[in-house]
Amino acid sequence: MNKHDVDLNRVVFYSKEDMAGNHQLAKGESILRSEIQTGYTDINDILEIYNIKKYIDNELYLKNWTQDDLLDFNKKVIEYGKIIGKFMSNINDTNILDIYNKTFREYTNSFWELVNNQSIYKRISKVNFSNILANEPHLIHNILTHKNIVEHYNVELKNFLLTYSQSAEILLSIYEVKEDFTKNEKLVPKSLTIENKENIILNYLDSSDVNLNYIGLIKNVRNRNDFKISDKTRLKAKRLYKSETDKIFTETGGMKYGVSVGFIENATKIKDGFIDDEFVANYSYSIDYVKENNNSYSLFQNFTILFEYLDIQKRINLVSKKNEMGVFERIMGVHSQNEYRGGTAFSLMEMTSHVQIVAYDKVITDLNNSLENILHHVFTSSFQEKYEFADNARFSIPSAKSFFEKVRLLAPEFESALKQFKLFVEDGFIDFELLQISSSPTTIKDIPSLNQNKYIYFNEENKEMLGCSNLFFSDQTLLAFVEPFKEKKYHTFFDLLANEQVKFGNYEEHQKPRLNYLIEKGFISIDDNDFIRINNTARVIILKDLYSNDVASFYRYSSDFRQEALQMKIENIVYFESSLFSKPEQAYFNYFLNKSEFTNGLDLRNSYLHGTQANPEEIQKHKYAYFTYLKLLILTLLKIEDDLIISKALKIEHRRANC
């Protein structure tokens with residue numbers, strides 16, 4: 001393997017957005033201010049002026065450069081281009097190995113970029129190219145980003161990938177991995193067939209050097225026209241993933257956490273909780289409160305009052321939120337672009353909600369009631385009495401005894417409840433003959449709302465506002481780190497301003513451009529005493545709500561916040577949509593029910609409707625599926641109730657306005 005020399009004093013262009021640009025430009029300033037050389041003989045000198053040229057071409061300059069400097073430097077880089085072209089035109093098959101071997105390590109990417117862009121590959125034999133790749137196999141990651149090279153050495157690259165140990169990871173990075181950072185797109189040689197690709201995956205699964213993250217991708221990979229994995233290969237990956245995961249936990253113990261739920265007598269609070277030294281979340285609830293409020297509607301409301309399945313805006317609390325993931329959870333590991341991302345907080349929330357409903361089911365049974373009966377009563381009686389819902393709504397109670405039979409009966413009731421509400425929204429009543437004509441499951445996102453403009457979403461295409469939002473609420477901006485409050489360790493700039501009187505003058509010079517940006521955009525101002533003030537509190541709180549929860553419920557805001565949200569819509573900061581479930585809630589339901597959106601989805605709907613579920617004897621799996629379906633039904637009815645409440649309130653508002 002060839003070992004390229006390193007020279008850290010050389011100028012390297014990484015990207016237009018890279019924060020090291022000023023440092024790199026400072027290293028190249030002396031070259032820009034010097035006379036242009038004649039007769040370059042060192043490939044590294046050529047590649048250095050090529051990297052300097054890229055900075056100037058991208059209009060990246062040092063702040064102390066004058067207009068005269070810029071005119072002079074722009075003229076020079078035009079000459080650099082001619083010098084680079086002339087030097088590279090002399091590279092051919094007889095000198096390619098010598099010149100490339102002398103290239104510094106930090107310039108190998110630039111070298112192949114020029115080989116691609118200036119058609120030098122046409123003068124390099126396929127034998128020499130294959131030899132270079134054999135000596136430096138890691139080079140394949142860079143080579144595959146250059147379209148012309150990939151097309152020219154099509155067969156050679158195919159043959160290399162068929163034997164390279166990391167080819168499976170390369171294929172998965174192209175077809176499946178979600179890149180959180182901008183990277184050059186890799187290309188696959190056209191001669192590599194679908195069968196070749198699956199063989200590469202199979203060889204990877206059989207190898208001794210496998211990465212658990214990539215095995216996880218293989219078992220959930222989404223098939224497409226040019227990349228398909230058979231069910232046998234998928235099953236092989238699934239079994240390997242389980243064995244490797246078990247091995248890790250056996251050897252290291254892993255990170256353990258758990259949940260404990262109890263209903264206690266004579267409790268001083270209706271609900272309480274703490275996390276103990278063993279990382280177990282302990283929740284306790286007043287059994288007396290439950291017994292005293294034991295009518296079916298009150299027992300249904302406990303999923304909000306006690307278990308907090310919904311928040312104050314009636315959003316589902318259980319969804320995965322990027323904001324709740326730690327920094328390392330967000331950026332570490334390999335993740336599919338098609339997977340439902342859930343960090344430790346989501347896993348703990350899921351565990352908690354599952355244990356809550358299982359424990360509550362036992363309490364309800366002791367009260368001579370059942371969760372199914374409660375749902376039946378709420379959907380067919382309570383909603384009619386309180387909100388004028390359709391008086392012919394139906395909900396059948398499963399009479400089966402085993403969890404396997406129960407869940408197979410409950411799944412169609414879930415579908416029916418969704419379709420009934422959809423018809424009610426569309427027509428004002430439920431026509432069961434019309435409902436029965438459609439046998440296909442209803443798409444979660446297509447369930448409408450009775451209310452227009454129900455949900456507010458942040459417009460991420462508005463990059464200026466996205467930047468302002470990040471400066472206020474991200475824990476990575478460092479604006480919360482300022483004297484004399486550093487020891488208090490506030491996580492965000494917003495948290496700091498909400499709790500302290502902060503002076504503009506206390507910030508370091510390198511921090512002030514970000515503050516000036518917020519001033520320029522009208523978010524903050526500096527008063528006569530140098531204190532930072534938020535100009536529009538309602539706007540900032542709405543943005544914080546959207547940053548934390550990805551969605552806000554328009555009608556759960558006060559009238560002044562609603563007016564501000566409407567103004568933000570006019571300014572293209574937010575947009576409105578209407579549906580029963582918000583987008584994060586739709587994703588949550590799709591994760592459990594199917595694989596239409598997420599390849600790691602549990603696919604409960606298809607499994608139990610189409611008969612591909614686990615063996616009837618696997619009681620724990622069916623018990624989990626049953627309580628999960630119950631939870632989804634409960635969440636659905638809670639969301640329907642929220643929609644009915646809003647609709648009723650708006651009708652009352654409308655009548656009052658017309659009186």
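The table below gives the values:
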| read-out | value |
| --- | --- |
| Any helices (runs of 4 or more DSSP H) falling wholly within region 431-550 and containing at least 1 residues that are more than 30 Å from Ser596 (Cβ to Cβ) and in contact with a Cys (Cβ under 9 Å, 6 or more places away or on another chain) | 512-520, 537-549 |
| Among the residues listed as Phe561, Phe598, the single one being at pLDDT below 95 and over 22 Å from Ile640 (Cβ atoms) | Phe598 |
| Contacts under 6 angstrom Cβ, first residue in region 148-174 being without any contact (Cβ under 8 Å) to a residue 40 or more places away in the chain and among the acidic types (Asp, Glu), partner surrounded by 16 or more Cβ atoms within 10 Å (Cβ to Cβ) and in a helix (DSSP H, G or I), 6 or more apart | Glu156/Ser130 |
| Residue satisfying all of: in region 602-635; crowded, with 21+ Cβ neighbours inside 10 Å and over 17 Å from His354 (Cα atoms); modelled with the highest pLDDT among these | Arg605 |
| Single match in Phe111, Phe73 (criterion: among the aromatic types (Phe, Trp, Tyr), modelled with pLDDT under 95 and in a helix (DSSP H, G or I)) | Phe73 |
| First in region 196-217 and closer than 23 Å to Asn600 by Cα, second anywhere and acidic (Asp, Glu) and open to solvent by less than 50 Å² (accessible area, probe 1.4 Å), Cβ under 8 Å, 6 or more apart | Tyr204/Glu169; Val210/Glu244; Asn211/Glu169; Leu212/Glu244; Tyr214/Glu169; Ile215/Glu244; Leu217/Glu176 |
| Which numbered condition Tyr50 fails, given (1) out of contact with any Leu (no Cβ under 8 Å at 6 or more places or on another chain); (2) farther than 20 Å from Asn135 by Cα | (1) |
| Any hit, region 564-580, residues being more than 30 Å from Asn536 (Cβ to Cβ) and crowded, with 21+ Cβ neighbours inside 10 Å | yes |
| Lone qualifier among Tyr283, Tyr289, Tyr297 - being aromatic (Phe, Trp, Tyr) and part of a strand (DSSP E or B) | Tyr283 |
| Of the criteria (1) free of Cβ contacts under 8 Å to residues at least 12 places away in the same chain; (2) open to solvent by less than 30 Å² (accessible area, probe 1.4 Å), which one Thr268 fails | (2) |
| Count of region 357-386 residues which are more than 37 Å from the chain's Cα centre (by Cα), part of a helix (DSSP H, G or I) and not β-branched (Val, Ile, Thr) | 8 |
| Residue within region 401-420 that is assigned to a loop (DSSP other than H, G, I, E, B) and out of contact with any Gly (no Cβ under 7 Å at 6 or more places or on another chain) present | yes |
| Qualifying residue in region 144-162 (condition: over 30 Å from Thr599 (Cβ atoms), assigned to a helix (DSSP H, G or I), aliphatic (A, V, I, L, M) and more than 36 Å from the chain's Cα centre (by Cα)) | yes |
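The values are calculated or read from the model by the stated rules, or taken from the named source; none is laboratory data. The shown structure was predicted, so the numbers you read here are calculated from the model rather than taken from an experiment. Positions of Cβ are backbone-derived with ideal geometry, glycine not excepted, and every protein chain shown enters the neighbour counts. Please note that ligands, DNA and RNA were not included when accessible areas were found on the heavy atoms of the full protein model with its side chains. Shrake-Rupley method; radii C 1.70, N 1.55, O 1.52, S 1.80 Å.
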